[in-house]
1. Being touching a residue at least 60 places away in the same chain (Cβ under 8 Å), loosely packed, with under 15 Cβ neighbours inside 10 Å and over 19 Å from Asp57 (Cα atoms) is the filter here, so list the residues in the range 76-126 that pass it.
2. So which of Thr13, Thr8 is at pLDDT below 95, of a type in the set (S, T, N, Q) and exposed (fewer than 11 other Cβ atoms within 10 Å of the Cβ)?
3. Looking at the range 46-64, can you tell me whether even one residue there is closer than 17 Å to Ala18 by Cα and of a type in the set (Lys, Arg)?
4. Checking Gln60 against (1) of a type outside the set (Val, Ile, Thr); (2) within 14 Å of the chain's Cα centre (by Cα); (3) surrounded by 13 or more Cβ atoms within 10 Å (Cβ to Cβ), which test does it fail?
5. Restricted to the range 71-92, and to residues that are more than 16 Å from the chain's Cα centre (by Cα) and hydrophobic (A, V, I, L, M, F, W, C), which residue is farthest from Val19 (Cα to Cα)?
6. Among Val56, Val64, which is the only one that is β-branched (Val, Ile, Thr), without any contact (Cβ under 8 Å) to a residue 40 or more places away in the chain, farther than 24 Å from Asp121 by Cα and part of a helix (DSSP H, G or I)?
Amino acid sequence: MKKGQPMTIAFDTIDEAAVRDCEERLKLAMLASDVSALDALLADDLIIIDHQGRRVDKAQDIEVHRTGVLKLADIEFLDVAIKPLDNAALVSVRAKVSGAYYDEKFSEKLIYTRVWQRNGDSWIVVLAHFSRITM
């Protein structure tokens, strides 16, 4: 290693892999409207800002899955960027998402920004934001 270069620490790689796995588990839970899995992956004090700028909490997010208001048919990750931090990770995901909201079908390209925080031996989402994109 050359002087002045940051050292890569092994746990960064492990944390990134763990967070990638959590992103995949979150995607599968959303697709299946698996409220038990969502409950485990989302912080109790979760804050979500949706594509219309509305603030949504964990209970509201889970409720649209529980009631079938939101039915996701497909989530295709286009790219995922992860920035590991000391006890958290910042994640940016571009995705094609399709499904139905109040029985109205949709197909969108979205970008999600999530903050995952280490919670003991697991990871939970503490903050999320998503917006429509055209790219």
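1. Of everything in the range 76-126, just one residue is touching a residue at least 60 places away in the same chain (Cβ under 8 Å), loosely packed, with under 15 Cβ neighbours inside 10 Å and over 19 Å from Asp57 (Cα atoms), namely Ser122.
2. Unique residue meeting the criteria: Thr8.
3. Checking the range 46-64: not a single residue is closer than 17 Å to Ala18 by Cα and of a type in the set (Lys, Arg).
4. (2)
5. First, pick out the residues of the range 71-92 that are more than 16 Å from the chain's Cα centre (by Cα): 71, 73, 85-87.
From the residues that got through so far, the ones that are hydrophobic (A, V, I, L, M, F, W, C) too are 73, 85.
On the way: Ala73: 23, Leu85: 11 Å.
The extreme case among them is Ala73.
6. Exactly one of Val56, Val64 is β-branched (Val, Ile, Thr), without any contact (Cβ under 8 Å) to a residue 40 or more places away in the chain, farther than 24 Å from Asp121 by Cα and part of a helix (DSSP H, G or I), namely Val64.
The values are calculated or read from the model by the stated rules, or taken from the named source; none is laboratory data. None of these values were measured; they are calculated from a predicted model. Cβ: placed from backbone, ideal geometry, glycine included. Neighbour counts: every protein chain shown.
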